[in-house]
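Throughout, read-outs are computed from the coordinates displayed, never taken from laboratory work. It should be emphasised that the depicted structure is a prediction, and the values quoted were computed from it without experimental measurement. Cβ placement follows ideal geometry from the backbone for every residue including glycine, while neighbour counts extend to all protein chains displayed.
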Amino acid sequence: LLLMEKADPLATGRYYAPVMSDSELADVLVPLGEIKNGSTRLQDVLSSFGFAIVTGVLDSQELESFEKDFQQDLIDLVNEDCFRQARNVSPSRLLEEKEV
């Protein structure tokens, strides 16, 4: 595990957000069915964590389409010329390689 120095990201231009653990993720997942049934879990999670991940909103086809659209949105944010100079590869190719 590589430990990152805790430097001011505004000063360094380097930002880091660790991936949530399974336990952390479980704390913020709220099934859509619970919301529809009047559960207060969504409000509880929002009050505790400031965000929630609502599951069961999209079916598998909708999710696949959403993921592709989100991937394209991320690619559109990247200055591909600068990226190619830095890595000599396009961001879409990197994403394709990750999908293997």
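Rounded to the nearest 0.05, the FRET efficiency derived from the C-beta distance between L77 and D27 at R0 = 30 Å is 0.55. Sparsely packed loop sites in the range 1-85 (the GluC sites (Glu not before Pro) outside DSSP H, G, I, E and B with at most 12 other Cβ atoms within 10 Å) comprise E5. Between D44 and M20, what length in nm is gained on full extension when 0.36 nm per residue of separation is reduced by their alpha carbon distance? Going from the current span to full extension adds 6.7 nm. Within the range 10-44, the trypsin sites (Lys or Arg not before Pro) that combine a DSSP coil assignment with at most 11 other C-beta atoms in a 10 angstrom radius are R14.
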